[in-house]
Amino acid sequence: MQGISEILHNTLQQLGLKKRYHAELIMERWSEIVGDDISQHSCPVKFERGLMFVTVSNSVWCHHLFMLKESIISKLNRFIGEKIVKDIRFQAGYLKDCKNQENTEHSVSLKQSLAAIRLDEQELAGIRQYTHEVADEALQKKLAGFTRKALAYNKLKKMDKWHACQGCDTLCPPEETYCAVCLRTVREEKLGEIRKLLLDVPWFSYEDLQPYLSCTRSEFDRAKSELLARLCLEYTAKNGQVDSVHRTTIVMLMESVGPDEITPETVDHTLEKFRRKQHVFAPRS
Ligand SMILES: [Zn+2]
């Protein structure tokens, strides 16, 4: 039978993930591998085809680390158990920026990106199918974790041009500013703003509103019908016993007539029509 570590090794190898994963790992565990003394003055920033780029606090340390280069390389490779680091390039300066780099939106680490990728049902079922024969629970978990990462990494590659959502850290396709969740929130907020404005100027058409709040026609229509539905619901619930502002607002929204065109008769007439319609559509009990 194929050993679990062998399966793992092959899976990661096949998916082209192993090198990348190892590179991320040594960058993440830098201080642990090289020790506090060195790590206080240096920070790995990039790993490309066997070459590691390390920022160093000043030129003195740059020289010092250059002398220690071979020993650092062998420590890194020993940690991973494979010769993946072939050379290191040390560069003096900007250590502060480097330490803060993870917080800037332009450098979402691979680990964060992988964690943000959502797998679909089919992929999750694939992982379960792939791992269910492993008897040892801990190993099964580990294998499932790696497989998940491998699948996520493949997805990530396809999403090369994706970026972090403007509202949270979820990855978004290039054409979207927000992820689906934030987009819903942003849209709800927009609709709320339109409803609030319409309460002040219920006779406004889509075109009237544009100079004050830019929105699409469908957003306007939706906000307006939601507002009207809410006011009508309250009107019906109170058997028409609402104040005149409420009554006038309903009519202005329904008929798109401004204050200069509206009369008590228009209001009564429109609400009468509305009541009759309500009566027709009211559920019979
Ligand atoms: Zn978001």
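Consider the range 43-61 and keep the residues that are touching a helix residue (DSSP H, G or I) at 6+ places or on another chain (Cβ under 6 Å) and not hydrophobic (A, V, I, L, M, F, W, C). The one that is nearest to S74 (Cα to Cα) is P44. The single condition among (1) within 16 Å of the ligand (Cβ to nearest atom); (2) charged (D, E, K, R); (3) not assigned by TED's automatic domain parsing to the domain that holds R276 that K155 does not satisfy is (1).
Candidates are the residues of the range 49-58 that are at pLDDT below 85 and surrounded by 12 or more Cβ atoms within 10 Å (Cβ to Cβ); the one that is nearest to the chain's Cα centre (by Cα) is S57. Scan the range 173-185 for residues that are surrounded by 12 or more Cβ atoms within 10 Å (Cβ to Cβ) and more than 9 Å from the ligand (Cβ to nearest atom) and the total you get is 2. Just one residue in the set S218, S225 is more than 16 Å from the ligand (Cβ to nearest atom) and either within 30 Å of R118 (Cβ to Cβ) or assigned to a loop (DSSP other than H, G, I, E, B) (or both); that residue is S218.
Taking the criterion of being outside any loop (DSSP other than H, G, I, E, B), in contact (Cβ under 8 Å) with a residue 40 or more places away in the chain and either aromatic (F, W, Y) or surrounded by 14 or more Cβ atoms within 10 Å (Cβ to Cβ) (or both), the only residue of the range 186-213 that qualifies is L198.
The values are calculated or read from the model by the stated rules, or taken from the named source; none is laboratory data. This structure is a prediction, so every number in the text was calculated from the model and none was measured. Quick reminder, even Gly has a Cβ in these numbers, built from the backbone with ideal geometry, and neighbours come from all protein chains shown.
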